[in-house]
Amino acid sequence: MTRDGAVARRRFLRFMAASPLAAWAARANGLPPLLGSLQQADAVIASLDQALNVLDFEAAAKQKLPPAHFGYLATGTDDDATVRANRDAFGRYQLRVRRLVDVGKVDTSVTIFGVTYDTPIVLAPVSSQKAFHAEGELAVARAARAKRHLQILSTVSSTAVEPVNEARGEPVWYQLYPTDHWTITEALIERAEKAGCPVLVLTVDNVDNNRETVERYKRQDTRECKVCHTLPWDRSQLARPMFSGLDVSKATRLTPHVWSWDFVSRIKDRTRMKLVLKGLVTREDAQMAVDRGVDGIIVSNHGGRAEDSQRGSIECLREVLEGAGGKVPVLIDSGFRRGTDVFKALALGATAVCIGRPYVWGLAAFGQPGVEKVLDILGRELVLVMRQAGTPAISRVGSDYVVDRGRW
């Protein structure tokens, strides 16, 4: 194909991508919008300065990673409908902007548990980050330190909490996956406390799921995975650094019978750390959490990996806030890709917003500088929409700045 022909083809595809019919057909067949596909296929960024938004890093990460590793990062459950719902749900909310407000200075700081952070954008826990870059969680911690973001570390991190805290310059929040052996769970809590972590984030949504996308990507991977993965997946997670020195020979991670409100109370009684539940999506569970003395909530469907509810996490936010009754901070994750997404969640009442896949795309593509660039872009976009809406501080971002089309 000639150069002129290639240019003409790209223009035609962009024209088709803008068609409502094309978007409808993509959704009807369970596919991403064509415009998103073009963004990834037309040109993969080769340097940080080429990135226009955080979605540019997804294609760059896909190019760098082995298929199975990218598939693990990309997968949802079943046919990934909830992954798509997380993104589509933002279209339900429109911004109601004000004019003639002095926004020469914009304050994006938020306070959580008495600590003030420069930004409401939090790095969510993502496991196995050395699968995406050799420096893994240490690169992310250094980026969080440089850009002054709160970081939450996964139990199944490929780096232990102590060196991550050192790299970040202060303790992270520690996310807990319990096992069916209380002594192991207790030891993980004790280690996080000893490391100075102020908050324990108990993930309660990841009970069981059917992750087909990662299985399909594995079939594209020509490597001999047993060279690196000498244990089955469920056993290898118990071999991560945080389980070092513990007898996990008979333990099982994420056993469904472990999950109960009594178990939440048991953890609450055992730790001096603040306890946050990650994965609540209903009013009833939020009320139960407050009744059990939980200190905070993260609204989450695990980025579409937990269940096939086909309900975006931001659509769950209002009822969780109603259930919490203003008694505890409510954070949210799953599907956030733009500063406008962050603004909408804050306007609906969220205390802060957690991101997962975007910063890992940056990590996979460019290491620590990639993570920093993702944070810079989202921060810049948030400031931009705050100025557009006439909100000089996060405290001014309220419900009167968002319209819920679903309530019409």
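The values are calculated or read from the model by the stated rules, or taken from the named source; none is laboratory data. Because the structure is a prediction, the values reported are computed rather than measured. A quick note on method: Cβ atoms are made from the backbone with ideal geometry, for glycine too, and the neighbour counts reach across all protein chains shown.
Here are the numbers:
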item: Residue count, the stretch 39-60 (criterion: modelled with pLDDT of 95 or more and either in a loop (DSSP other than H, G, I, E, B) or surrounded by fewer than 18 Cβ atoms within 10 Å (Cβ to Cβ) (or both)); result: 11
item: Residue list for the stretch 101-129, filter: under 30 Å from residue 238 (Cα atoms) and not β-branched (Val, Ile, Thr); result: 123, 124, 125, 127, 128, 129
item: Which numbered condition residue 130 fails, given (1) farther than 22 Å from residue 298 by Cα; (2) crowded, with 24+ Cβ neighbours inside 10 Å; (3) not small (Gly, Ala, Ser); result: (2)
item: Residues (under 17 Å from the mean Cα position of the chain (by Cα), of a type in the set (S, T, N, Q) and at pLDDT 95 or above) located in the stretch 115-154; result: 119, 129, 151, 154
item: Failed condition for residue 389, given (1) in contact with a His (Cβ under 9 Å, 6 or more places away or on another chain); (2) under 20 Å from residue 94 (Cβ atoms); result: (1)
item: Which numbered condition residue 332 fails, given (1) out of contact with any Cys (no Cβ under 9 Å at 6 or more places or on another chain); (2) buried (at least 23 other Cβ atoms within 10 Å of the Cβ); result: (1)
item: Those residues of the stretch 291-306 which are surrounded by 18 or more Cβ atoms within 10 Å (Cβ to Cβ) and outside any strand (DSSP E or B), in sequence order; result: 294, 295, 300, 301, 302, 303, 304, 305, 306
item: Lone unmet requirement of (1) surrounded by fewer than 16 Cβ atoms within 10 Å (Cβ to Cβ); (2) not assigned by TED's automatic domain parsing to the domain that holds residue 327 for residue 85; result: (1)
item: Residue 97 part of a loop (DSSP other than H, G, I, E, B), in the same structural domain as residue 201 (by TED's automatic domain parsing) and among the hydrophobic types (A, V, I, L, M, F, W, C); result: yes
item: Residue in the stretch 258-275 that is assigned by TED's automatic domain parsing to the domain that holds residue 162, hydrophobic (A, V, I, L, M, F, W, C) and under 20 Å from residue 399 (Cβ atoms) present; result: no
item: Any hit, the stretch 203-226, residues being part of a helix (DSSP H, G or I), modelled with pLDDT under 80 and more than 24 Å from the chain's Cα centre (by Cα); result: yes
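Conditions (1) modelled with pLDDT of 95 or more; (2) assigned to a strand (DSSP E or B), marked per residue:
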{"position": "308", "(1), (2)": "no, no"}
{"position": "316", "(1), (2)": "yes, no"}
{"position": "328", "(1), (2)": "yes, no"}
{"position": "341", "(1), (2)": "yes, no"}
{"position": "344", "(1), (2)": "yes, no"}
{"position": "354", "(1), (2)": "yes, yes"}
{"position": "382", "(1), (2)": "yes, no"}
{"position": "385", "(1), (2)": "yes, no"}
